[in-house]
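Taking it in order: structure first as structure tokens, then the write-up.
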Amino acid sequence: PQKTSFHRSQTLGYKNGFAFSRLPTVGIGGERLYVNQLSQAELDELSNVRPTLTYGQAKQAPPSGFIPAHVAFDKKILKFDAYFQEDVPLSAEEHYRIRQVCIYYYLEDDSMSVIEPVVQNSGLPQGKLIRRHRVPKNDRGDHYHWKDLNRGMNITMYGRTYRIVDCDPFTQVFLESQGIELNPPEEMVFDPYTELRQMPARKYVTPSDFDQLKQFLTYDKQVLRFYAMWDDTDNMFGENRPYIIHYYLADDTVEVREVYKQNDGRDPFPILIKCQRLPKTFMEKKKTFPSCVLEISDQEVLEWYTAKDFAVGKSTTLLGRTFFIYDCDEFTRNFYRDKFGITDFQPVEIKKKPLEEVPQVIPPYNGFGFLEDSLQNCFSLLPKPPRKDIIKMLENHHKVLRYQVALESPNPEDRKRRFILSYFLSNDMISIYEPPVRNSGIIGGKYLGKTRVAKPGSTADNAMYYEPSDLTIGSTIEVFGHRFVITDADEYVLNYMESNAESFPAATLQSLRDHFRPRQVVKETANSDIATIGTSKQELDELIRQVQEELKLHKSLNNKNIREAFLQCNKDGSGMLDKAKFLALCDSLGVPTKAFLVNKV
């Protein structure tokens, strides 16, 4: 009754921030305790005092190294096989659906994911149903732990209940090592509708004697091919025309196709008879039956064409046309040999009439264009330009023979006209040009463009054109009804023919030499006079330069009038003037004549 304090003494305390326990020294009410209050650890420590004093302080083992969870459980995953049931409200064939999934638990961060294996042709969006993250367990913020997972249990995640039926061997070993007792595994439940679809389809047997489906499946894409001829020579413009007859074994239809050859002149319409069943024998028609019908049914036909009605070497009438079968392909031979035992397939040789060769008649030349170019229209629908001699064109490029010709005409005004005839060696063409003459009343210019001129009497079959050997001094050439007489030629013509003397006749070359001999004599005489005076080439060039400088000092002189006056004095075309005429002409034109320069000239 004298006790006033009945609480127990405090046995817990803190030292340097660490909690520790101590033994009570007083009991309830503050009475001192005299019993042994040492713990077992303190008793063990007191019993070991003597070895410590004798051998020294014992060495403690070093602490074990700390390994974090993401390293210890890296790539360690628990796998559970599960399924869930899904309702199918709008389907008459299934009311619910079983979907199998795999639940993965990642030990490194306690995250989970749910993946549904993809089933082919299921029509459902499958794959990852729940992505990897820590799945909440309840509304209090707890998350699922591997201790919450076991076989034969239900687990709810986001309103969907999964039934875990089994796990893999690693998961089983891990859970048993952690002291968890696993439930026995269960069998996986399969979807009944999926198993129903995998069942083989029901086979139906056709009770009829002739099964068309069996015929189609047996002979599909198998076709008999026959080569036939249709003789239509009895009609006007008729001929023997080749055809190909196809017999389709799948449905007993016949097709006739035309055979076209290149340039046969026929329109590309390959099918003569479309693929259809062809009647062979008709029923006896009544008098009331119309003569023209649109379709033929089985009631009107007594017998249809079959594979037995076609044979090599026999004629077959199809829709009023008689076709003679002369050959077939290898597949057709094998079919008849295996099906009907027929081995005689000797092809019949079809003799074709030789085509009559129609001679080609070339029409006469109408005068338009070149003869060779116009002739190409008779050889092809798309005429090509005639071939050119490229080597000749390259060797004789820019080589032109020029002649002076006079027009042979009864009109006296045309006799004085002079023309320049140019012969182009690269392509054997001729052009004629008339130099304009003042106050002549005739407009000069191009008289004939470049063209090949045929000789008189040449025909389209044997065309002969003018050549350089035909152009001699004094000869007459006829150009499209006009006659020209050659009166002069260039010195280049003589030089070219002398350098190629083997290509030209001697008469042509001699006529040019006789024509140019007087000019050569005059030139030789002038050269000898110059040599006598002692004027060299350099002195002549210096004299020309002095004369040009003297003329430049007189700007009032008209060079055009001077040139025309000298050309009028040169009537014979020799290019020579005596000293008296030269001085008189210079005085009349006002040209200054110094005695020194004039004497030198």
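The values are calculated or read from the model by the stated rules, or taken from the named source; none is laboratory data. Because the structure is predicted, anything quoted here is derived from the model rather than measured. Cβ atoms come from the backbone with ideal geometry, glycine included; neighbour counts cover every protein chain shown. Ligands, DNA and RNA are excluded from the accessible area calculation, which covers all protein heavy atoms including side chains. Shrake-Rupley method; radii C 1.70, N 1.55, O 1.52, S 1.80 Å.
A simple packing score, the average count of other Cβ atoms within 10 Å per residue, orders the peptides 543-550, 371-378 as 371-378, 543-550, with the highest score first.
Take the Cα radius of gyration of region 212-340 and divide it by 2.2 N^0.38 Å, with N its residue count; two decimals is plenty.
Working: Rg = 16.5 Å, N = 129, 2.2 N^0.38 = 13.9 Å.
It is 1.18.
Backbone geometry of region 249-259 corresponds, through the Karplus equation with coefficients 6.51, -1.76 and 1.60 at θ = phi - 60°, to 3J(HN,Hα) couplings of 6, 5, 9, 6, 9, 10, 9, 10, 10, 7, 10 Hz, x marking Gly and Pro. Taking the accessible area of the chain, probe 1.4 Å, and keeping the other protein chains in place, the carbon and sulfur fraction comes to 54%. Taking label positions 7 Å along the Cα-Cβ direction at both R202 and A61, the computed distance is 7.5 nm, reported to one decimal.
Orientation-averaged projection of the chain equals 99.8 nm² [convex hull of Cα atoms, one quarter of hull surface area]. State the Cα centre-to-centre distance between region 469-499 and region 123-202 in whole Å. Taking the Cα centre of each part, region 469-499 and region 123-202 sit 116 Å apart. Solvent exposure of region 376-522, expressed per residue, is 64 Å² of accessible area, with all protein chains present and a 1.4 angstrom probe. Between K600 and R266, the modelled label-to-label distance comes to 9.7 nm, taking each label 7 Å out from Cα in the direction of the beta carbon.
Between F170 and H7, take the C-beta separation as r, use R0 = 41 Å, and let me know the FRET efficiency to the nearest 0.05.
Details: r = 56 Å, r/R0 = 1.36.
Calculated value: 0.15.
Note on V437: accessible area is roughly 100 Å² with a 1.4 Å probe, heavy atoms of protein only.
Maximal additional length on extending the V348-D74 stretch stands at 90.1 nm, based on 0.36 nm per residue less the C-alpha distance. Principal axis extents of the C-alpha atoms in region 398-525 (largest first, rounded to whole Å): 47, 39, 28.
On average, how much accessible surface per residue is there in region 69-197, in Å², for a 1.4 Å probe, leaving out ligands, DNA and RNA? Each step should come with its number before you reach the end.
Values: 8080 Å² over 129 residues.
Accessible surface, normalised per residue, equals 63 Å².
Size descriptors for region 69-197 (Cα atoms only): Rg and Dmax, in that order, 15.9, 53 Å.
To the nearest 0.05, how large is the calculated FRET efficiency for M393 and S469 if R₀ is 22 Å and r is the Cβ-Cβ distance? Before the final figure, lay out the partial values.
On the way: r = 20 Å, r/R0 = 0.90.
The computed FRET efficiency comes out at 0.65.
Shown in residue order for region 221-233 are the 3J(HN,Hα) couplings computed by the Karplus curve 6.51 cos²θ - 1.76 cosθ + 1.60 at θ = phi - 60°: 6, 10, 10, 8, 10, 10, 9, 10, 10, 10, 8, 10, 6 Hz (x for Gly and Pro). Residues in region 323-334 carry Karplus couplings, in order, of 10, 9, 8, 10, 6, 8, 8, 5, 5, 5, 4, 5 Hz; the curve used is 6.51 cos²θ - 1.76 cosθ + 1.60 with θ = phi - 60°, and Gly or Pro positions show x. In this structure, the amide hydrogen of N240, modeled 1.01 Å from its nitrogen in the peptide plane, lies closer than 5 angstrom to those of D232, counting only residues at least 5 positions away or on a different chain. Between N377 and K446, the contour length at 0.36 nm per residue exceeds the alpha carbon distance by 21.8 nm.
For the pair A580 and E330, label points projected 7 Å from Cα toward Cβ lie 11.2 nm apart.
The protection proxy used here, the mean number of other Cβ atoms lying within 10 Å of each residue, ranks peptides 334-343, 11-20 as follows, highest first: 334-343, 11-20. Calculated mean residue ellipticity at 222 nm for the chain: -7000 deg cm²/dmol, from DSSP H runs with n ≥ 4 weighted as -39500 (n - 2.57), summed, divided by the residue count and rounded to 500.
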